[in-house]
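Working notes, beginning with the structure itself.
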Amino acid sequence: EWTGSLDWKKPRRGGPKNRGIMRVIVEEEAHYLRDTANTVKGNNKKHVLPVTKMHFLPKGEKRKESEKAKAKRLGTKGSGGWLQGTDCGPKLREVFENSEATKDDLLAAADQYVRPRPHSKYNVKDDCHLVQCGVGGRYLGVGIYYGCVGSTDAVARADAKIQALGNCLSWRDTDNIEKDPIYKRMKRVCPAIQAAARLSLLKKPYKGKKGAGRLDKFTVTVLTAQEKAIQAKYVKECGELGRKPLVDGAEVPSRSFNDVDGGEGRKNHAEAIEGVRQADAETTAVLYSAGIRNHEAKAPGELVAQDVFCDFTKAA
């Protein structure tokens, strides 16, 4: 059951807004759900559990936790071994267990779990590289991307290898990672692996922020058909006005109605202004739908210096 606030808001420590419900208490009697059901946002921004998700077990029957789930939750009270998991880097475990393994040995083993892979939502910028970590942590999912700028992916690959090793080490069967013998040995071999393991257990990547914006420096968003149509309309309107648009970060000088010669007849451009305002309104709507609330597009003449088309990754 959920005993916290019913207000729909993001937790202080991050994570999903919804809540998982395992049982419902009615008149001090617990009724267990067959599967955990997540709440949804209801009226007045309150947590609501839909009736369609209320599949109860027979009265008096409790849910049975699988041995695998129990081991993941409690371990085996620190037996010194490894917990079972998917994408946990089994070949790395063999190297970790070798007390003579060096930093180079560990990094060489981790290299097989790092691969260049395009991202479905982003295009990589020129002179940039993306690689993906193929080892998941106990609490941190598999597939974290790392990027870098340069002629090769060496920097991104080095960070991804440390991430893979830290994720693997997070599967140690111990109630306190600080007391694990392999973890303590990493202080001498490679302290960065220690740091990556600690962060992995906290559901955080070794470097960079988690979630939206993580790859902004190395990528541009793949525009949807609607966004491409808005971009095309913006470019067309600027062309009809004799203005040079700024698209995808290219620094192109532009003319503003604030700077033109008064003899050009600003009043004669009212129709064109309204057309661009409409395009800007549509752009602003797309920004809002993408969660960007502090950016608003403006029509020509209402900008101080230049027009800027937002590519939806650089809006401040």
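Tabulated values for the structure
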| item | result |
| --- | --- |
| Column: log10 I(q)/I(0), Debye, Cα scatterers of segment 137-228, q = 0.11, 0.16, 0.22 Å⁻¹ | -0.38, -0.69, -1.06 |
| In order through segment 197-205: 3J(HN,Hα) via Karplus (6.51 cos²θ - 1.76 cosθ + 1.60), integer Hz, x for Gly, Pro | 5, 4, 5, 4, 5, 8, 6, 10, x |
| Full-stretch length increase - residue 112, residue 232 - with 0.36 nm per residue and alpha-carbon distance subtracted | 38.9 nm |
| Net charge dipole size for segment 87-128 [Lys, Arg +1 and Asp, Glu -1 on Cβ; Debye, nearest 20] | 340 debye |
| Accessible-area composition of segment 79-171, carbon plus sulfur, in percent [1.4 Å probe] | 47 percent |
| FRET efficiency estimate (nearest 0.05) - Cβ-Cβ, residue 27 to residue 154, R0 51 angstrom | 0.20 |
| Accessible-area ranking of 56, 96, largest first, probe 1.4 Å | 56, 96 |
| For segment 29-36, Karplus couplings with θ = phi - 60° (6.51, -1.76, 1.60), whole Hz, Gly/Pro x | 10, 7, 10, 8, 7, 5, 10, 4 |
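The values are calculated or read from the model by the stated rules, or taken from the named source; none is laboratory data. What you are looking at is a predicted structure, and each value in this text was computed from that prediction instead of being measured. Glycine gets a Cβ as well: all are built from the backbone with ideal geometry, and neighbour counts include every protein chain shown. Heads up: the accessible areas ignore ligands, DNA and RNA and are worked out on the full protein's heavy atoms, side chains in. Shrake-Rupley method; radii C 1.70, N 1.55, O 1.52, S 1.80 Å.
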